[in-house]
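Just so you know, all these numbers are worked out from the coordinates, no wet-lab data involved. In this text, all values refer to a predicted model and were calculated from it rather than measured experimentally. Here Cβ is always computed from backbone atoms with ideal geometry, including for glycine, and neighbour counts include all displayed protein chains.
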Amino acid sequence: MAAETDENSSTLSPEAAFAVLGNETRFTILQTLWELYEPDDPANVVKFSDLYDSEDTVTFSDLYDRVGYGDSGNFNYHLEKLVGHFVRRTEDGYELTQAGLEIAQAVIAGTVRECPSIDTATIDEGCPRCGAPIVSDYENHHLAVSCSRCSGIWQDSTGENGVLFTLPFPPTGLSGRTAEEAFHATLAYNLNRIRSFIDGVCPNCSSAVEESLDVCTTHEPGDEGGCPRCNRQHAIEVSEICRQCKTVARGPLTIAILAAPVVTAFYYDHGVEHRFASWETFRRAQTVDEEILETDPLRVRLTVTVEGDTLRLTLDETLNVVDIVRGTSNSAQ
């Protein structure tokens, strides 16, 4: 396979990318190349490295016939607009670049052929606060899970309690899954993305991310609802933002801290296999104690307890762990 030329290494601004893709014929070309893309081809594992010979390339005439465009000259004009960023031209023909593949995958993730859905269902897991059955509902590409009895963890914008979490989940993820399987898949999907954010890498575009804390310094959650100031049970939330593609994640610090290796090791020392991307992480996060030690500079302490033993982690405003103390639950503070 021919090596890439300069035309295949160009970059586009967001405005230029939208302009290139804002044409039905060009998008049909990407869709056609995606339909011919073979994920089993080993060349696609390390795409464009020339370690393997790709079998995904399509000749101009074959691509022209498959798209069904009536004017070969005008078709070539649209194809050339894609070459360099979304489509790669080789000696053997044309294939998707990584950017072209990701555009197609994003469309496939958000649109489905059969519009799968799930009805409101009771999940065979107990609420981490009161143990009552939890209920899931899917709407607007989000899975919402709430407690059937208690006030949950959040109070939503309408003032209703009971919310445990509402997380995005592409509709394609519902295909072939029961309500309970979709529940666990939603957590795995989102917690894996959150772990990437915690590592400083946007899970969508790989850019660096900004991390900050939202601390409710007058936190007073009630038994029948969230704090009147922040509408939540937890006092400290982490905000993760990618300024490049505007992907965002936000959630309790008590969840984020469970991705720390020292916490995983602490659980392991007590015979507990801690998998971060799971319902167990969400459940365990509700048992982590949080305490604001100082506000200027900010210092917060999170305490993880297992079988009477404690792991106390002190964090600064940048979420760096500045102190670690292991002891028993009745040890001196």
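In terms of surrounding Cβ atoms within a 10 Å radius of their Cβ, Ile292, Ile29, Ile134 rank from fewest to most as Ile292, Ile134, Ile29. As a proxy for reagent exposure, Phe18, Phe60, Phe276, Phe86 were ordered by neighbouring Cβ count within 10 angstrom, fewest first; the result is Phe18, Phe60, Phe276, Phe86. Note: relative contact order over region 220-276, using C-alpha pairs below 8 Å and six or more positions apart, is 18 percent. All other residues with a Cβ under 12 Å from the Cβ of Thr254 taken together, and with Lys, Arg as +1 and Asp, Glu as -1, what is their net charge? Every neighbour counted, the sum reads 0.
Legend: ranking of residues Arg243, Arg299, Arg26 from fewest to most surrounding C-beta atoms inside 10 Å; resulting order Arg243, Arg299, Arg26. Give me the tail of P(r) for region 252-333 as a percent: Cα-Cα pairs with distance above 22 Å. Cα-Cα pairs in region 252-333 separated by more than 22 Å: 20 percent. Under a 5 Å amide H cut-off, with hydrogens placed 1.01 Å from N, Leu298 pairs with Glu317 among residues at least 5 apart or on other chains.
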